[in-house]
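Enquirer: Got a structure for you, written out below as structure tokens; questions coming shortly.
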Amino acid sequence: MTVLLAGLIVFGASTPVWAAQMDAKINPNTETSPFKISYLKTFFIEYADGGNLFDTLRGNEWTLSNTADSSDPGVQKLINELNKKIFADGSQARVSDLNVSYDFHLKARNINTSVDYRVILEGELTNYVITKDSQRTLVDLGWRGFSTDSEIVID
């Protein structure tokens, strides 16, 4: 675990690859709608000249994964922080339920170590209908900028 943490500290000097994908099926005729956001990032720790890090990591592989739902205090804090940001952005929508799953994978090779991590947020969105009449419905899309600067620990 110490090696994994040391690797995460070193990643600032490496070249990252990242991606994010959001899927949301907003139904203006219901009170809640599901959403799913997937984040993926890969970075490499290079040690072409060997060294202590190479000696420590050589041939090792670690995986850490878990899931948590809205009963977890960390997930509750994440919901609150996301809702604060959504509100600050001027949206009335709210995250009402959230499940978090994460997977970290470290694999050491001869000249580098790769660290892949994936975080998936799946939840329910509410209060996204601004106005509705017999012919039209105006849906709030200002909630799409999910983010937080807070440190949140999810067990």
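The values are calculated or read from the model by the stated rules, or taken from the named source; none is laboratory data. This is a predicted model, so every value here is computed, not measured. When we count neighbours, we look across all protein chains shown, and the Cβ atoms used for this are built from the backbone with ideal geometry, even at glycine.
Enquirer: Pairs, please: C-beta under 9 Å, at least 6 apart or cross-chain, first residue under 14 Å from Ser91 (Cβ atoms) and free of Cβ contacts under 8 Å to residues at least 40 places away in the same chain and in segment 127-155, second assigned to a strand (DSSP E or B) and of a type outside the set (Val, Ile, Thr)?
Expert: From residues that are under 14 Å from Ser91 (Cβ atoms) and free of Cβ contacts under 8 Å to residues at least 40 places away in the same chain, the pairs are Asn127/Arg94; Asn127/Ser96; Ile130/Leu138; Leu138/Lys132.
Enquirer: Looking at this structure, is Asn99 part of a strand (DSSP E or B) and modelled with pLDDT of 95 or more?
Expert: On the way: part of a strand (DSSP E or B): yes; modelled with pLDDT of 95 or more: yes.
Taking the combined requirement at face value, the residue satisfies it.
Enquirer: So, one more: Which condition number does Ser65 fail, the rest of (1) within 30 Å of Pro28 (Cα to Cα); (2) within 14 Å of the chain's Cα centre (by Cα) being met?
Expert: Evaluating Ser65 over (1) within 30 Å of Pro28 (Cα to Cα); (2) within 14 Å of the chain's Cα centre (by Cα) leaves (1) as the failure.
Enquirer: Collect the residues in segment 61-96 that are loosely packed, with under 15 Cβ neighbours inside 10 Å, touching a residue at least 12 places away in the same chain (Cβ under 8 Å) and either β-branched (Val, Ile, Thr) or not in a helix (DSSP H, G or I) (or both), keeping them in residue-number order.
Expert: Matches in segment 61-96: Glu61, Thr63, Leu64, Ser65, Asn66, Thr67, Asp69, Asp89, Gly90, Gln92.
Enquirer: In segment 109-150, which residues are modelled with pLDDT of 90 or more, more than 12 Å from the chain's Cα centre (by Cα) and over 14 Å from Ile26 (Cβ atoms)?
Expert: Listed by number, the residues that qualify are Ser114, Val115, Asp116.
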